[in-house]
1. When residues of segment A:26-79 are filtered for being over 22 Å from A:H102 (Cβ atoms), among the polar types (S, T, N, Q) and under 28 Å from the mean Cα position of the chain (by Cα), how many remain?
2. From the list B:H36, B:H32, which residue is within 12 Å of chain A (Cβ to nearest Cβ) and at pLDDT 95 or above?
3. Somewhere in segment B:190-197, is a residue more than 9 Å from chain A (Cβ to nearest Cβ) and of a type outside the set (V, I, T)?
4. For segment B:6-51, which positions are touching a Leu at 6+ places or on another chain (Cβ under 8 Å) and in a strand (DSSP E or B)?
5. Given A:S393, A:S414, which one is closer than 27 Å to B:V103 by Cβ and without any contact (Cβ under 8 Å) to a residue 40 or more places away in the chain?
6. Can you tell me how many residues in segment A:369-378 are in contact (Cβ under 8 Å) with a residue 12 or more places away in the chain and part of a loop (DSSP other than H, G, I, E, B)?
7. What are the residues in segment A:193-228 that are open to solvent by 40 Å² or more (accessible area, probe 1.4 Å) and either in contact (Cβ under 8 Å) with a residue 24 or more places away in the chain or in contact with a helix residue (DSSP H, G or I) (Cβ under 7 Å, 6 or more places away or on another chain) (or both), if any?
8. Report, by residue number, each residue of segment B:79-94 that is under 39 Å from the mean Cα position of the chain (by Cα) and either within 12 Å of chain A (Cβ to nearest Cβ) or surrounded by 18 or more Cβ atoms within 10 Å (Cβ to Cβ) (or both).
Amino acid sequence: MVQEKRILYEHLDVPNINTFDVYRQHEGYTRFEKAIAEYQPDDITKMVMDSGLKGRGGAGFSTGLKWSFVPKDIEPRYLCCNADESEPGTFSNRYVLEKNPHLLIEGILICCYAMGIETTYVYIRGEFTLGKKMLDAALKEAYERGYLGENVHGTGLNINIYTHPGAGAYICGEETGLIESLEGKRGQPRNKPPFPAVEGVFMKPTVVQNVETLCNLPFIVGNGVEWYTQMGPTYGDGRFDPPKPDPNTGTKLYCISGDVNEPGVYELELGLTCTELIEVAGGLRGEEVKAVIPGGSSAPILTHYELDTRLDFTSLTLAKSMLGSGGIIVMNETRNIVDCLLNIMKFYAHESCGQCTPCRWGTPWVRDIVQRIADGDGRQTTITRPKFGVTESGRWGNTGETEEIYEDLDLLESVANNIANVDTMTWNTICVFGIAVSWPAVSYMRKFRPEFEAAIRESKLVTLPVAEATVPPEENYAYQQRFIPKEFSELQETTED
Amino acid sequence: MAFIKLNDLEIEVEDGTNIVEAAKQHGIEVPHYCYHPGLSRPANCRMCLIETYAPPPGAPPGTPAVPGRQLATGCTTSVRSAPPERKLDEKYDAIVQTDSPRVIKAREDILEFLLVHHPLDCPVCDQAGECDLQDFSYRHGHDKSRYIEVKNVPPKKDLGPDVLLYSTRCIVCTRCIRFCDEVSGSGELGLINRGSHDEIDIPRSHEGTPIQLLDNKLAGNVVDICPVGALISKDFLFKSRPWFMEKANSICSGCSVGCNVTVEYKTDGLYRIKPRFHADINQHWMCDDGRLGYHYVNSDDRLQLPLKKIGGEQTTTQWSDALTLITEKLSEVEADDIVVIGSAQGTNEDNYVLQQFAHDVLKTTQLGLFGQQPGEEHKFPQFTIEADKNPNTAGARTILGSANGNVVLEGDTLWEKVAGAKVVYLVSGVPDRALEDTEREALEKVEFLIVQDVLPSEVTELADVVLPGTTFAEKDGTFTNSTGWVQRIRKAIDPPGEAQVDWEITQQLAKQLDGEIDYHFAGEIANAIAENVEGYGDATHQNIGNTGIKLA
């Protein structure tokens, strides 16, 4: 049985950890003090680079690499903390904000010290009223104790943190959408390049980091790079040996919801399989797993054949899915995939910012098609492939075989791929919202096609048994393409040979 | 200069040129909606997608460039000359494909999306015939729609004095919003709602009553830049199909800026005026005063026949009669008793012939300048409307004074002279000119007042003989704007009734008085101006051309 590995959440349940004094008793701010006392800013950037820390917000981009893109000669530079956690199925940042806001402040302080940043904006999701209240209270305390403001802790650094509530748009979780919203404009993503690291908030270099990423910094600084890199799947030992060396280090806050007995946030080392994760969350509620969404609702779905996929950035990318924000939704055999897709598509059609053409008018279209299928109005055509010969009546004529064409399924796939093509990973949209729409649409439809066909054929939603509903692995393109890490047993066998 | 490979062409373009413009310069169309050369580039329509080439990532130098994974928007892809080690295929600064299968497919897809909520009401849409959506759909789109769901039907909106919004047709390219933010600086327009429910709107209260209307002086430009039929001018609504109108390149006569315009007309009059690009004067824009100020040309009240005053009543007469009456009067009086007044609304040619007539035939040195009264100056971030409401004050002043030691009577000195004169030949051409008391008193004292004008006005009421002249739309000629640009206006429509071009009237008078003025067309006069007027040496008919010429 896999155990939780609590790093970020270690002191989460300590009573009153949100207050400065209690936090201080649990090593609070010592890591920041260590950073200032022992390291130069460049050392910290190097440590973050060496630690292999990847952005926890969704894209999984190397944090150290991102920092290295920031031009050091342009003042001022900004740090923008993305606390607009709005991916369906994700709720890990919220606990940090509500229960342990000082950890975030410490992470921000370390980042500001490393990057020479004086101003930080924390963009908090508007619905997180409690989170904002707790963070504001913690900020007040930190200002009072001299850890924020002018001449922080006697070091001569000036660091200010401002909180800014969002107004409830999903797209403001996208880094440039967030920046636009922060500047007081309509929350619509910008064209990239220039990336925020070069031109971000108020057209100045900006580091945009997720709450969870920043919360990792105190532990990297406090315990060292070596300690940090030991966590996660070890690669190089043959067991985890992806085609391209790509570090997956540290822990991840997995938000497990859906059909499990004990849903919640679990902090685990990266690289556990879906099956292990379901076990951690108290096991499956129901008979068998039908599907797992591995990284928030925009990630392509995994079937029960793919439960051995490791939940880390590289393995999921290789499995044609993504870890995203770590929002894992488990579905058991009672769930209807058409209905699930409809739910998700309603969300995306509502949340499209409407800036660029494909997404503005493509997402509602996809939703409408799925709605039609779910309502039992899906279109199906019978076509006859022409083949000439002697017919039953003894005349010369067309004896071709008839074939059922599910017109709406082809249309659904085509429209979704026109927003963003999931096969070539190209999108015609400004931001990656496009691919966040077509990924679920296409993957659900391809991997659970029998259920979609049944809904059209029988003009109503039909929940098929798991085995029937799922496209077998040999027909599943994504499954064929995926990378399977070797098990220890296999490894031993090969070495023995 | 950047050396780029565009499809199969090897071309050179200025550094910083984007691909849409570079392609346009070489006759290749890259369809686009949100991009407008005068505005910022949000790249939100995704129509100008192109394929750019780059060496594969991590490849050694000298590796042939391959198409990038993602398509790029042509409007935001600018090219500039690269250092030798970064040249593609060892010689190009950029390699771009605007007609590859991927690009063609992407355009089809975007057009399909653009049309899903579009009402396809071309038969009743004003824009049909000059609509980018229509044109690009024909050239780059599908012939069939796969969309069978219900279409959005956002409401039709009245945005301001001259602008209507048919929201259903809107493709949310945000050109109009950016225009109001960047060029007029007034920011009336914005987007409301989100996603597929995006609508352009003005600020409104919760009940829907407008808080601020789109009524700035440049508002009409949003209609021009709207690539579809969403923003419609109330002035032009349902008046004509664009393909039924003829076009003449001209200059706006509303103020001394001298905006380049296209006058669109049919045989029965002017239908609309649209701005024409000029890099140094008006860029892509013009103001609403100029745009909507053409109606006097079409007026039913236009002077069509000469008038003469008999017993205090003005009655129509024939040209021969009117001209004889004038020449008799002119030959009766001494040269010192004659004042000739030119018009700042008239062309350089009108004023040159008038100057020649006064100087060579009448031998008078008393030349004055008349024009519209000054209005207000309006400054916008990227545009200025000048206070001088005459198109040709600078030109008329120089030309009238050219043979006279540059002395032109204006203001109070002019009206003093007029009050003491026996015969005054006043060329007006100013619509709606109200007279001030001093002006009226002076004109009333004149024994014999000849007025050449286009519309009945306070000035013509006082005249003993009225000669019907022409407006800017009815003659060829040149205007000199406030910054010294000499630009050509072109005849669009015929003058109403028996009205004649102003310089031709003057020339007939001269001929009756045995003067030696004999021009046949406006260009001939322009060449004469170039020869005889100081500073106009370069402004020959041939040199002025389409873009005009700036005086040294």
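The values are calculated or read from the model by the stated rules, or taken from the named source; none is laboratory data. It should be emphasised that the depicted structure is a prediction, and the values quoted were computed from it without experimental measurement. Quick reminder, even Gly has a Cβ in these numbers, built from the backbone with ideal geometry, and neighbours come from all protein chains shown. Accessible surface areas use protein heavy atoms only, side chains included; no ligands, DNA or RNA. Shrake-Rupley method; radii C 1.70, N 1.55, O 1.52, S 1.80 Å.
1. 3
2. Numbers: B:H36 fails: within 12 Å of chain A (Cβ to nearest Cβ).
Only one candidate passes the filter, namely B:H32.
3. Initial filter on segment B:190-197 (more than 9 Å from chain A (Cβ to nearest Cβ)): B:192.
Next, only the ones that are of a type outside the set (V, I, T) stay: none.
No, that holds for no residue.
4. Listed by number, the residues that qualify are B:L49, B:I50, B:E51.
5. Working: A:S393 fails: closer than 27 Å to B:V103 by Cβ.
Going through A:S393, A:S414 in turn, just one is closer than 27 Å to B:V103 by Cβ and without any contact (Cβ under 8 Å) to a residue 40 or more places away in the chain: A:S414.
6. Our first condition is that a residue be in contact (Cβ under 8 Å) with a residue 12 or more places away in the chain; within segment A:369-378, this holds for A:369-374, A:376-378.
After this cut, where a residue has to be part of a loop (DSSP other than H, G, I, E, B) as well, the list is A:376-378.
Going through segment A:369-378 one residue at a time, the tally reaches 3.
7. Applying the first criterion (open to solvent by 40 Å² or more (accessible area, probe 1.4 Å)) to segment A:193-228 yields A:193-195, A:198-199, A:202-204, A:223, A:226-227.
Passing the criteria: A:F195, A:V198, A:F202, A:K204.
8. Result: B:V79, B:D93, B:A94.
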